[in-house]
Amino acid sequence: MKLEGTHTILAPRDLVWQRLMNPQVLARALPGCEKMEQNADGSFGAELKVGIGAIKGAYQGRVEILDPAPPERFRMKVEAKGTGGFVKGEATLSLAENAGGTLITYSGEAQVGGLIASVGQRLIQSAARQSLNQFFQTFAKQVQSS
Amino acid sequence: MGTLLGERIKRKEDPRLIQGRGHYVDDVKLDGMLHMAFARSVHAHARLKSVNVSAARAHPGVVAAYTGADLKGKVGLVPCAAGMEGLKVPDHPCLAVDKVCYVGEPMAAVVARDRYVARDAADLIEIDYEPLPAVVDPEKALAAGSPLIHEKLGDNVAFVAKLEGGDWKSVEADKSLKVIKQRMINQRLAPVSMETRGVIASYSPGEDTLTVWSSTQIPHILKTQLSLMSGVDEARCRVIAPEVGGGFGSKLNVYGEEGVACFASKSLGKPVKWIEGRGENLVATIHGRDQINTVEIYAAPDGKVVGLKCWIIADLGAYHQLLTPAIPTLTALMIVGCYNTPNVFVETKGVFTNKMATDAYRGAGRPEATYIIERAMDLVAHELNLDPVDVREKNFPSSKEFPLSLVTGVTYDTANYQKTLKKVLRLAGYPSLRKEQERLRKKGRYLGIGLSTYVEICAMGPSSRMPAGGWEFGSVRVDPTGKVTVLSGTSPHGQGEETSFAQIVADGLGIPYDDVTVYHGDTFQVPIGIGTFGSRTTAVGGTAIYRAVEQLKKKMARIAAHKLGVKPGELEFKDGKVETADGQKSMTFVEVAGEAIFAKQLPPGIEPGLAEQCVFEPANYTFPFGAHVAVTEIDGETGEVRLRNYFAVDDCGRILNPMLVDGQIHGGLAQGIGQALWEEHVYDENGQLVTGTLMDYAVPKAFHFPWFETENTQTRTPVNPLGVKGVGEAGTIGSTPAVVNSVIDALSPFGVRHVDMPLKPEKIWKILKQHPGN
């Protein structure tokens, strides 16, 4: 499953970068995120409650930031597993200054397995897109209001 | 013979089934019964670094939780009965140990006081996987460097079988022959029985007995296997198949879950129940078909087929279930269809992939054969610009040539292929359909007329060619009230043999049909048996009963003759009496039963009682055949195929109850047409099953079909005294190629010669789009 898109945040790039690296901010913006903490190795551990169609479940996730080039670009590796199966993926996010704001461009590939794959196949792409939109909207609000 | 055979009699089974008064496995509730749920792999291929059940064990209401390691050495492996030369058989534990090889493979089990608690606790099992690259395409699995499903076996090839005959040198040297080649895919299907699988194992420690209720087609074979797997002496094992809501071959099996249930019950001393969910059924009950076929036909310019070569790649999935590798060998066996092609070469490769095992699904290997040969016959017609009817007629053997021994090693019993074809063409109005097609084409409408003339192999079968015996047991007993109890070693699950067996018995004994009760599916009640599969129940099981009735009549005639002072040969059984032809000397059936059972004045040498049994061993298979015509119309805008008419003329030998035959044909057609147009079980490239619900796996509904116009011819078989052949799979076998041939025929103005199934609108739409002229 490919996921691609852009989002504009009306805030300076340095601030957006800083907030993207802050687990507390991410936790508040990520739909269904109950907890996010930085692990000793620098990765983020997350607990999520997510529902896709009929499959609702708790997931333990791990987000790793790779090759950070502040404040321009980073790669993100995500792995989550739970009652509904697993999700794993990698994405590249780049931040560009754009008319006083910041344009975030993301592009990634995700793989799902288990129940979410067999039951949620038709819904997963739109569900993922919806979650991402929700994340960026909430994230933008938080960054812009600070 | 009396008058009951051949009658359109309503099914004895239906009142209870229609009113929801039947009892299936899930309706059985035992004292102290526990419930089991499974944790299944979410990866298609992975090493199991750890399976931690401690959280599940600690969950309130959980009684036990087991991993593959807990079972190791205590429960036998999941059995494969296919005894093929050189076959590679990987270890197949009931719960995965060290490694998982397909999505849905059970790795751990939880037993709890409540079904829902068991399910919830199964989600608490922590599994640490180390994912491995998966291979889902059998051709990629054959390639060098492919991931290995079972490293110990060295490669992913389970077997290679060759079937060869004739004089290929001269065929290949004959340059006048046209060689027609086609690759075709017979996609993976899900059997989707209405009732999913289910099992209750109940071990009594005091008696050391194991009683198992299972939704199975083979209670006796299951009993033997569960005895071996659980270590309980077979004499103390009992398997009961209560009402079974369909199987289509998927319950002709022994599953790991059954082994775990027996182990759990034995360990806990309590009954343990497991009822499969629909999602589990789609992912972890055997699948059907899944072959890649490359066929090469050598045809003379007049349409005579001289030679046939076929390369079969059979996707077996990750492990062998009971008959997994044997199924594609039936494809090779039946590949020439109803044409006596003298030169044949078939190579079958069974390949392991990271998917659920394939095994018997309605037709089991024969639908694939029929699809190959019937598509090929249409390709011959297409290439040589002949009518598909003429090509078939050109290659049919005459009815006088039977029994007909073929180069493939089978001997067809009886047939009249010309007769069924002629009948279906008349029923369909073939010449006027062709004219209509012509007319509509001019208006830009695309009508297709597709033909299939099939022969199949059934009434399985002679024991010499079956993995675990091909005979069947039947017994008939008369009680003092004159009521008759019939026991059969078969295990019908929807086919209606409680009705047809009662017809055989009532007809033979000249008593009311309602006085006969048929029992099956309990190994304590029925001493021995094989089961219901391969369209064998009436032809083999019915014959055992028929023979037992004949023996019983002999005995009753001797007893009555002694009493009446006549010769046994003078007596007839009719209208509830045993009497002389002129009716002068007569006893009621009940009176004769009383004489036999109370045994006051029996003739010398006659044992008291009236109970006779027979084990019938068939000398050959039987070979039902038929001719089908499918009329389709393509929607030029959407590419959707509308099945406008379906005509089927089937010959299953002598018909005992036309209503049962119609029922089998209608259901079979629905599944065969379903494969042609809609059904497809799909894994993605990582081995994830993406058709995991009935929203995604397209089982056809009644509204998808027109009324099926069905008729029969009746060519009796000499293989059994009833003259019956079998009809359980014929509809499925005959219909798939008829529908595909019809759609290809509709698309012929676009130069299309083949499209792989299922013929979904998107595929057809793309073809139409490539020809904007339409």
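What follows draws every value from the coordinates through simple rules; no lab data is involved. Bear in mind the structure is a predicted one, so any value in this text is a computation, not a measurement. Note: ideal-geometry Cβ built from the backbone for every residue, glycine included; neighbour counts use all protein chains shown.
A few notes on this one:
- Residue-wise HN-Hα coupling along segment B:155-164, computed from phi with Karplus coefficients 6.51, -1.76, 1.60 (Hz; x: Gly, Pro): 8, 9, 8, 7, 6, 10, 10, 10, 10, 9
- The Cβ shell under 10 Å around B:PRO758 holds other residues with a net charge of -1, Lys and Arg each +1, Asp and Glu each -1.
- Backbone phi angles across segment A:125-137, fed through the Karplus curve with coefficients 6.51, -1.76 and 1.60 (θ = phi - 60°), yield HN-Hα couplings of 5, 5, 5, 5, 4, 4, 4, 5, 4, 4, 4, 5, 5 Hz in residue order; Gly and Pro are listed as x.
- For segment B:200-256, the relative contact order comes to 40 percent (Cα pairs under 8 Å, sequence separation of at least 6).
- Residues A:THR138 and B:ARG642, FRET efficiency given R0 of 51 Å [Cβ-Cβ distance, rounded to 0.05]: 0.55
- Relative contact order [Cα under 8 Å, 6+ residues apart], segment A:1-119, whole percent: 28 percent
- Modelled spin labels at B:SER748 and B:GLU164, positioned 7 Å past Cα toward Cβ, are 3.6 nm from each other.
- Length gained on full extension, B:GLU570 to B:LEU694: 38.5 nm, using 0.36 nm per residue less the C-alpha separation.
- Extending 7 Å from the Cα toward the beta-carbon at both A:ARG73 and B:LYS435 defines two label points whose distance is 7.3 nm.
- Cβ-Cβ FRET estimate between B:ASP14 and B:PHE703, R0 fixed at 22 Å, reported to 0.05: 0.45
- With Cα atoms defining each centre, segment B:170-197 and segment B:87-134 are spaced 35 Å apart in the structure.
- Per-residue Karplus couplings for segment B:306-323, computed as 6.51 cos²θ - 1.76 cosθ + 1.60 with θ equal to phi - 60°, are listed in order as 9, x, 9, 10, 8, 10, 10, 10, 9, 7, 8, x, 7, 9, 7, 8, 3, 10 Hz, Gly and Pro entered as x.
- For chain B, the relative contact order comes to 15 percent (Cα pairs under 8 Å, sequence separation of at least 6).
- Global form of segment B:1-152, assessed from the alpha-carbon gyration tensor, a/c cut-off 1.5: oblate
- Each listed q (0.09 Å⁻¹) maps to a log10 I(q)/I(0) for chain B, found by the Debye formula over equal Cα scatterers with no solvent: -0.87.
- Across segment A:2-144, Cα-Cα pairs more than 21 Å apart make up 41 percent of the total.
- Förster radius 60 Å - calculated FRET efficiency between A:ARG129 and B:LYS443, Cβ distance, rounded to 0.05: 0.85
- Long-range amide H partners of B:THR717 with built H, under 5 Å: B:ARG654, B:GLY723, B:VAL724
- Taking amide H as placed 1.01 Å from N in the peptide plane, the amide H of B:TYR129 sits under 5 Å from that of B:LYS49, each at least 5 places away or on another chain.
- Extension gain for B:THR3 to B:ARG236 (0.36 nm times residue separation, less C-alpha to C-alpha distance): 79.6 nm.
- From the C-alpha gyration tensor of the protein assembly as shown, square roots of 5λ in Å: 54, 38, 23
- Across B:LYS223/B:LYS554; B:LYS304/B:LYS760; B:LYS553/B:LYS725; B:LYS49/B:LYS74, pairs whose alpha-carbon gap is larger than 29 Å: B:LYS223/B:LYS554; B:LYS304/B:LYS760
- The H on the amide N of A:ASN98, modeled in the peptide plane, is under 5 Å from the matching H of A:LEU103, each at least 5 residues off or on a different chain.
- Close Lys pairs in chain A, defined as Cα atoms under 23 Å apart and 8 or more places apart or on different chains, number 19.
- Estimated 222 nm signal from helices in the protein assembly as shown, with DSSP H stretches of n ≥ 4 weighted -39500 (n - 2.57), rounded to 500: -8500 deg cm²/dmol
- Quotient of C-alpha Rg and 2.2 N^0.38 Å, computed over segment B:545-636: 1.81
- Gain on full stretching of the segment that runs from B:GLU550 to B:HIS666 - 0.36 nm per residue minus C-alpha separation: 38.5 nm
- Ellipsoid equivalent to segment B:419-512 - semi-axes via the Cα gyration tensor, in Å: 48, 20, 12
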